[in-house]
Amino acid sequence: MTETPSDSMPGGASGPAGAPACLDRVRAARPNLTGARAQVADAVLEDPWKIRGASIQVLAQTAGVSENAVSRFTHALGYTGYREFAQALSLDLGKTLGLYHSHPVDLVLEARSGLGGPLDLVQRVMSLEVECMQDTLTNLSEPALRHIVTRLGAAPSVLLLGTGTAAPLCQMFSYRLASIGIAVTWTADPMMMLAHVSRLKPGDLALGISYSGKSRDTVQALGYAKQRDIETAGLTANPQSPMGDVVDTSLTIFSSAVSRGTAQFSARVAGLALLEAVATAVSEEKGGAALSMLQELGATQAQLNDLPTDDHDDAHDDAHDKAHDDGRGDS
């Protein structure tokens, strides 16, 4: 029997007003599902990006159930069948069936056309950032997050890889990890990437950052690490990308705006916030030793940043008086 999607897709831009999004439906229904239907729900919630675009056969195999069980699962959510569910999931993940945000370039053009002043532009851009962070948190894979936090805390050595606008995130994250005693290195240079990867050993971790998931140098370095049996992880806005194919575990910066343009605009701040949160989680994972290191580092930084203005002024005055006195002695 051929399944036909309904005219109004649940959870989508063309769906009924107030209709819950696909993943919200799955989360709400999960406590009441049992048996095979519960297994399907768990498979979807564990890695919705993997399920997005997959056939009913693939989802059935992933969940370890029959195709009929998958169909019963979609009916339990209120969908007419698997096709409608799959379309709603794709729309929910913002990758194929619609875009909810304007790219910042569009916002700037609107401002120039008199459709909004500077304050309106700033408010709308910041709204993009906030919504992307909320979407990232809502769709964050807890198993992937737990694994990466654990590995960052336990790996003998961590290598961070990123080019372009991803490089500053590598630098910041490297500083955060080093502050709690993690042996970490970062680089944005393609040749240095390969050099650093060649020094990694089994048990170490290579983590790449690429908004598009297509940054050639980063992906190639991660591929080289994988060839050498080094565990790889990634942070990306596009898990179904070359980076997503090469890493063992990935964290996704979610937003329906990130696929537009070359800047992946709203992913940058969300990526920064996510890495800050991950560093905090790693610190908690390491416990008291990390806290002690942070306190010691903070005290040292406070000393270095505390400019002794009074002592400096006194020393300057003494030197000036001595030079003046010496000058009078020569005359």
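The values are calculated or read from the model by the stated rules, or taken from the named source; none is laboratory data. Quantities reported herein were computed from a predicted structural model and do not represent experimental measurements. So basically every Cβ, Gly included, is an ideal-geometry build from the backbone, and we count neighbours across all protein chains shown.
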- Message: Every residue in the range 151-205 that is of a type in the set (Ser, Thr, Tyr), in contact (Cβ under 8 Å) with a residue 12 or more places away in the chain and farther than 17 Å from Gln220 by Cβ, please.
- Response: Ser157, Thr165, Ser174, Ser179, Thr185
- Query: Would you call Lys226 charged (D, E, K, R), at pLDDT 90 or above and assigned to a helix (DSSP H, G or I)?
  - Reply: yes
- Please determine, by comparing only the residues of the range 29-58 that are among the charged types (D, E, K, R) and assigned to a loop (DSSP other than H, G, I, E, B), which one is nearest to the chain's Cα centre (by Cα). Asp47
- the range 238-274, residues that are at pLDDT 75 or above and among the charged types (D, E, K, R): Asp245, Asp248, Arg268
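Out of the residues in the range 130-157 that are in contact with an Asp or Glu (Cβ under 7 Å, 6 or more places away or on another chain) and β-branched (Val, Ile, Thr), state the one that is surrounded by the most Cβ atoms within 10 Å (Cβ to Cβ).
Val149
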- Filter the range 132-148 for residues that are farther than 13 Å from Thr232 by Cα and in contact (Cβ under 8 Å) with a residue 40 or more places away in the chain and give the result. Cys132, Met133, Asp135, Thr136, Thr138, Asn139, Leu140, Ser141, Pro143, Leu145
- Note on the range 197-216: residues surrounded by fewer than 21 Cβ atoms within 10 Å (Cβ to Cβ), assigned to a helix (DSSP H, G or I) and of a type outside the set (Gly, Ala, Ser) are Arg199, Arg216
